[in-house]
Amino acid sequence: MNWQVNYALKNILATHGAASAQHVSDDAIRITMPDRPDVVGVISAAYTINDELAMQCHAYYPDMDFLCGYRKECVWEGGAIRYLESKTIGWGSAGTLNSAIYKGNVKTAAHKDYFFSYRLIRQMRSITDLDREFDRVFTMTLASGRTFRVGMVMEYEPTADSIRSFWDRFGPIDIAWNINPNGHPTQNAIEAGRGLECEVMKWDELKVLLRNR
C-alpha cells in the first residue's frame with residue numbers, strides 16, 4: 001500500500017467516526033458512510049496534477065468520485081480542473097476530501113483553499129472572461145477590455161519572499177490576492193509586489209478595482 005493511501009485511510013477513520021474506509025487497489029480507496037452511496041477516492045502523491053494525469057486516473061479507475069492531491073505542495077493545472085469538473089469528479093486536498101465526506105458532496109467538491117474566493121470572482125458581473133490556469137492562478141478580462149493575471153495567495157501574512165516565490169513558480173502576475181480571511185500582507189510583501197509591478201491586496205481592494213476598471 002502506498003504511503004499516501006495509508007495516511008488517507010487513517011485520517012478518514014480518525015476524522016469520521018461513522019465512516020469506514022478500505023483500500024481497493026493501488027491508489028484507490030472506498031469510503032462508506034451510513035445512508036449515502038459509497039465513494040471511490042484516488043489518492044495521488046504527485047506534486048503537480050495536470051490533465052494527462054487526471055485522465056489517466058479516470059481511465060484506470062472509471063468509478064472515481066474524487067481525485068485527491070495528498071501532498072500539501074500539490075499544484076493543480078487548469079486543464080485537470082476542467083476535465084474533472086466536466087466529468088463530475090471532485091478534486092482537491094486531503095482536507096477537501098474530508099470536508100466533502102462530511103457534507104456529502106464529494107463528486108462536486110473543489111479545493112477548499114480556493115473554492116470560496118474563486119466563486120466570488122465568478123459572481124462578479126464586471127468580469128466577462130475567466131481562464132483558470134492553476135488552482136491558484138487565473139486570468140480575468142473585464143468589461144472594459146482590460147486583462148489581469150491574478151494569483152490567490154493563501155498565507156496568513158504573505159511576506160516579500162512568499163510573493164517572489166509565487167512569481168517564480170507561476171510566472172508574472174498583475175495582482176497577488178491574499179485570500180486568507182484572517183490575515184493581511186506585510187508591508188514588505190506590498191513593496192516586493194511593487195518592485196515586480198504587481199499589486200498585493202485583500203478582497204475589499206480587489207472589489208473596488210473590479211468595479212472601477
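Here are some notes:
- Meets criteria (open to solvent by 40 Å² or more (accessible area, probe 1.4 Å), in contact (Cβ under 8 Å) with a residue 24 or more places away in the chain and either in contact with a Lys or Arg (Cβ under 9 Å, 6 or more places away or on another chain) or farther than 28 Å from N2 by Cα (or both)) for D113: yes
- On inspection, I127 passes the criterion of being surrounded by 15 or more Cβ atoms within 10 Å (Cβ to Cβ), in the same structural domain as R169 (by the TED database), closer than 26 Å to I175 by Cα and in contact (Cβ under 8 Å) with a residue 24 or more places away in the chain.
- Members of the stretch 86-117 found to be closer than 20 Å to A59 by Cα and assigned to a helix (DSSP H, G or I), listed by number: S86, V106, K107, T108
- Screening the candidates D51, D65 for the property of being over 12 Å from the mean Cα position of the chain (by Cα), open to solvent by less than 50 Å² (accessible area, probe 1.4 Å) and among the acidic types (D, E) yields one hit, D65.
- Answer residue from the stretch 154-188, given it is in contact with a helix residue (DSSP H, G or I) (Cβ under 6 Å, 6 or more places away or on another chain) and of a type in the set (A, V, I, L, M, F, W, C) and is farthest from A110 (Cα to Cα) among those: A160
- Scan of the stretch 68-87 for residues that are surrounded by 19 or more Cβ atoms within 10 Å (Cβ to Cβ), under 12 Å from the mean Cα position of the chain (by Cα) and free of Cβ contacts under 8 Å to residues at least 60 places away in the same chain, ordered by number: G69, C74, W76, E77, A80, I81
- Check on R211, touching a residue at least 60 places away in the same chain (Cβ under 8 Å), at negative phi and open to solvent by 40 Å² or more (accessible area, probe 1.4 Å): yes
- Residues in the stretch 139-165 that are open to solvent by 20 Å² or more (accessible area, probe 1.4 Å) and closer than 28 Å to R125 by Cβ: T139, T141, A143, S144, G145, R146, T147, R149, M154.
- Members of the stretch 139-161 that are under 15 Å from I175 (Cβ atoms) and within 19 Å of the chain's Cα centre (by Cα): T139, M140, R149, V150, G151, M152, V153, M154, P158
- Filter result (surrounded by fewer than 17 Cβ atoms within 10 Å (Cβ to Cβ), more than 20 Å from the chain's Cα centre (by Cα) and not in a loop (DSSP other than H, G, I, E, B)) within the stretch 14-48: A14, T15, S20, Q22, H23, V24, S25, R30, T32
The values are calculated or read from the model by the stated rules, or taken from the named source; none is laboratory data. Nothing here was measured: the structure is a model prediction, and the numbers come from that model. Every residue, glycine as well, gets a Cβ built from its backbone with ideal geometry; the counts of neighbours run over all protein chains shown. Note: areas computed on protein heavy atoms with side chains; ligands, DNA, RNA excluded. Shrake-Rupley method; radii C 1.70, N 1.55, O 1.52, S 1.80 Å.
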